[in-house]
1. Kindly establish whether A:GLU116 is touching a residue at least 40 places away in the same chain (Cβ under 8 Å), part of a helix (DSSP H, G or I), among the charged types (D, E, K, R) and within 14 Å of chain C (Cβ to nearest Cβ).
2. Residues being hydrophobic (A, V, I, L, M, F, W, C), at pLDDT 90 or above and either open to solvent by less than 50 Å² (accessible area, probe 1.4 Å) or not assigned by TED's automatic domain parsing to the domain that holds C:ALA193 (or both): count how many of those fall in the range C:369-396.
3. Kindly list, by first and then second residue, each pair from a residue in the range C:450-470 that is within 17 Å of A:VAL244 (Cα to Cα) and at the interface with chain A (Cβ under 7 Å from one of its Cβ atoms) to a residue that is open to solvent by less than 50 Å² (accessible area, probe 1.4 Å) and among the aromatic types (Phe, Trp, Tyr), limited to pairs with Cβ atoms under 6 Å and residues at least 6 apart or on different chains.
4. Open to solvent by 10 Å² or more (accessible area, probe 1.4 Å), under 23 Å from A:ALA59 (Cβ atoms), aromatic (Phe, Trp, Tyr) and more than 10 Å from chain C (Cβ to nearest Cβ): is that true of A:PHE228 in this structure?
5. Let me confirm something: among C:VAL414, C:VAL381, C:VAL418, which residue is in contact with a Pro (Cβ under 7 Å, 6 or more places away or on another chain) and not polar (S, T, N, Q)?
6. Given the conditions (1) open to solvent by less than 20 Å² (accessible area, probe 1.4 Å); (2) within 14 Å of chain C (Cβ to nearest Cβ), and given that A:ASN247 satisfies all but one, which numbered condition is not satisfied?
7. With among the small types (Gly, Ala, Ser), within 14 Å of another protein chain (Cβ to nearest Cβ) and over 20 Å from A:ALA52 (Cβ atoms) as the only criterion, which of A:GLY242, A:GLY197 stands out?
Amino acid sequence: MTVFELQPDDPWFGGRLLRASVSRPIYAKGIRFALQKTVGLVGTRHPSPYGAKVAYDLARYYASLGYVVVSGLAFGIDEKAHEGALSVGGLTIGVLGHGLGAHYPRATLELRKLIESQGLVVTWYAHQVPPRKAFFRERNMLIAALSDFLIVVEAPEKSGALVTADFALSLGKDVKAVPADIDRLSARGSNRLIVEGAEPIIDIPDVGAENWKQCRTVEELVAEVGDFVEAGRIIAELQSTGKVQLNGNMIEWLTT
Amino acid sequence: MSKHFSEDAVASLLVKRGYQILAQNLLLPTGEVDIVALRHTELVFVEVKYRTGFDPAETISKKKLDRLVSSALLYTAGQRSFRIDVFACTPQGCTWYKGVSQGGNCQGMEWVDLW
Amino acid sequence: MEIVKVWSGLTYGDAFMPVEMQLTYGPGLPVFHMVGMVTESTEEAKERVRYALKSIGRSMPQGRVVVAFLPSELTKSGSHFDLAIVYGFVKGSSDRLIVGEVALDGSVRTTQHSLRVIASAYRSGWRKFICPVLPQDVVGVMPEADFFMVEHVQQLLSDSGEKPSPTSSSDVPALDAFEDVQGFGLKQAALTAAAGWHHLLLMGNPGVGKTMVAERMNAVMPELDNSERLDVLCTTGTLSAVRPYRFTSWTSTPAGFFGSAKGVAGEVTLAHDGILVMDEFPQYRKDILEGLRTVMDTNSVISSYGNQRIVWPARFLLVATSNPCPCGFLGHPKKVCKDSPYQVQRYLGRLSGPVADRIDLHYWVKADEPDAKLDKPRDRVLEVWHRQRERWQGTGFSHAGQIPGDRVDELISVSPTVRAALENAVEKHGLSKREKHKIIRISRTIADLEGHVDITVAHLVQALSYRMVLPWLRSLIQ
């Protein structure tokens, strides 16, 4: 868990920040993993249970496909997105609106520590800079810049998530949105995005069964997943949903 | 057979043993005493029970003993010592419980052939 | 005045308390006194004894008869003191332990309580008994005992005892019963639980046969050995080769569940050395679940009532069943759960209380799980039992599932590479210590079932799959 400073032209960003014409340095804390494909997940701080679930599941889905999930470490959708990515042992980046020495909101402090040990927390404010309202707008800009494409899960009108979406569009990136109930205030913004041309997400494909189908033994699955706790979780899920049956360390796929 | 045949038999036994019968079927406010007898200076209050089938002594309740003691105290006006005896008679014979205390203990038991 | 001394006894929980009975009589109006905290059931001995004596042409001694039960401070109850009183009247003093109920015609009977007295007395060192005719299998669990068995009080006089009666044929557990269970994975989970004495939580939608599995699990449990059978005899007064099996409902009251201090054993005790099924686990009363925690930690129940304190044994294999949510359809392949996430969270929350935390194995039961025959399930369980008993000889534990968390690291050895992988995972996924210990315990049993000496990562993964059912359910409502 080291703190390090990255210039926008650092090869680690793969040119993402240069393309967004960012010039300020980035402060980061955590592991410097390989940044290949990224997805941004944003939304309201006060989601419905539906929004929270979808954020979690989408993050799981993309993380298990190898995407790095980028979000804002705020309460609500952001939090669920990070948790979902971590739950499958995936990588995630938390983008802060203040210096690394501060933290806001307090409810996500635990989560931030977890991300620092298994992912990366980034910001472009110096160590002791406290949060300010304007900084969060800039933070949204950084999320948009870091993401290859953006998903707005549940966002009301005039929300930070829509600001992020605007940034993403202006950078020429894809924006997708999750449809929700038309009478839900907290989802009006995300629904409107769909009307305005954002691609709606209408399905979260079940990665599990497809991804691991070639694994015939527990050892193979562990090798494939790279983490045996996650392998155990996958088996529990596949077994509980009736897709596999375990016979000793042989994984038997059931065709139904 | 008179109603009091067993009491009569007991009375004649007591006479044979040297007792003097002072009263029979003595009625007192506290109840009836079957026999009052005297030997030398010893006053004896006697309860006679006759039953066929099972031990008549079992029918002597604590209450009955209490009544006998009250009767005796009334009779002696508390001025004399006395003894309470129980005769448990069956067609086969009779058990003589001598000196029964209020608690049911006694000083001696004797099997007598009454008939 | 002559005093006759004979011995009988009482049970306190499953412990034995010898009772010396002193008989004496003196002149007086006829009374039959029993002193020494005698309850009604014992007091009634008077009439039984009187007529039993009559049946052999004897009568009660004339005058005041007193039977004193010593120590007099303990409450005496039960009809098994009759024979001792009769013996005292017809034969005099004896240093044998005399237990048995007599009928008016003089015949001598056994009662469940008298069997418990005999068995617990045997366990605390008594060897010579005068008692009713016992069945062969009861005599068999007490090989060192010298029984003088009588069928009628007449035999007390003749000194000629009876032979043990033939064992009434008890139903031997049919192994096919276990084969009735549908679902290969389910059977394996049940087998693992039985092999390592791991408490088991079976979850599933209504009607998938959770309870049925719980019922059939007894069929793969090894038969009771002699000392366990003696223990069962001490607590229940009945004997069978089959392990005890108690099915309980969430409507149970604490007294019925844990036993009362008045001498009635509760479900947890009746399930000692066997299986305790708790159907609809989350519905149980809070006081039962709280109380169960101490019972599972100490393997015994203490019940106190007034000045009496009884300790009952209670070491059972808990099999709990539960729906996933109040409506029951969470996780159903076709139907939709109608409960709010909050309701489901609350329901699942009850599955992480003090008792549920002591349950190692979780399994999700499905309706049409493919089935396959398990190979010699009972032999494999027995083999694991032998292996684990041998491994932990002298530690006081005989099954992996019984090892408490603080001794797991000491008693279950894990190779350095597997240990490293585990520690790494614990750190990365934030697994609690307790969770880690559960995984190690289950892995040990899985390795033993497969005949492996060392725990491998594959065993850890299998163990983990038994721990990840609740997280999976939670992910459905996230």
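1. Considered against the rule, which asks whether it is touching a residue at least 40 places away in the same chain (Cβ under 8 Å), part of a helix (DSSP H, G or I), among the charged types (D, E, K, R) and within 14 Å of chain C (Cβ to nearest Cβ), A:GLU116 comes out as yes.
2. Of all residues in the range C:369-396, those hydrophobic (A, V, I, L, M, F, W, C) come to C:372, C:374, C:381-382, C:384-385, C:392.
Then keep just the ones that are at pLDDT 90 or above; that gives C:381-382, C:384-385, C:392.
Within this subset, residues satisfying the condition of being either open to solvent by less than 50 Å² (accessible area, probe 1.4 Å) or not assigned by TED's automatic domain parsing to the domain that holds C:ALA193 (or both) are C:381, C:384-385, C:392.
The qualifying residues number 4.
3. Taking only residues 6 or more apart or on different chains, the pairs are C:VAL461/A:PHE228; C:VAL469/C:TRP364.
4. Working: open to solvent by 10 Å² or more (accessible area, probe 1.4 Å): yes; under 23 Å from A:ALA59 (Cβ atoms): yes; aromatic (Phe, Trp, Tyr): yes; more than 10 Å from chain C (Cβ to nearest Cβ): no.
Here the answer is no, as A:PHE228 does not meet what is asked.
5. Going through C:VAL414, C:VAL381, C:VAL418 in turn, just one is in contact with a Pro (Cβ under 7 Å, 6 or more places away or on another chain) and not polar (S, T, N, Q): C:VAL381.
6. With respect to (1) open to solvent by less than 20 Å² (accessible area, probe 1.4 Å); (2) within 14 Å of chain C (Cβ to nearest Cβ), A:ASN247 is out only on (1).
7. Unique residue meeting the criteria: A:GLY242.
Let's see how each residue does on (1) surrounded by fewer than 16 Cβ atoms within 10 Å (Cβ to Cβ); (2) under 22 Å from B:ASN105 (Cα atoms); (3) within 14 Å of chain B (Cβ to nearest Cβ); (4) in contact (Cβ under 8 Å) with a residue 60 or more places away in the chain:
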{"residue": "C:TYR12", "(1), (2), (3), (4)": "no, no, no, yes"}
{"residue": "C:GLY36", "(1), (2), (3), (4)": "no, yes, no, no"}
{"residue": "C:THR39", "(1), (2), (3), (4)": "yes, no, no, no"}
{"residue": "C:GLY63", "(1), (2), (3), (4)": "no, yes, yes, no"}
{"residue": "C:PHE69", "(1), (2), (3), (4)": "no, yes, no, no"}
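The values are calculated or read from the model by the stated rules, or taken from the named source; none is laboratory data. Since the model is a prediction, treat every value here as computed from it, not as a measurement. So basically every Cβ, Gly included, is an ideal-geometry build from the backbone, and we count neighbours across all protein chains shown. Note: accessible area is taken over every heavy atom of the protein model, side chains too, but ligands, DNA and RNA are not part of it. Shrake-Rupley method; radii C 1.70, N 1.55, O 1.52, S 1.80 Å.
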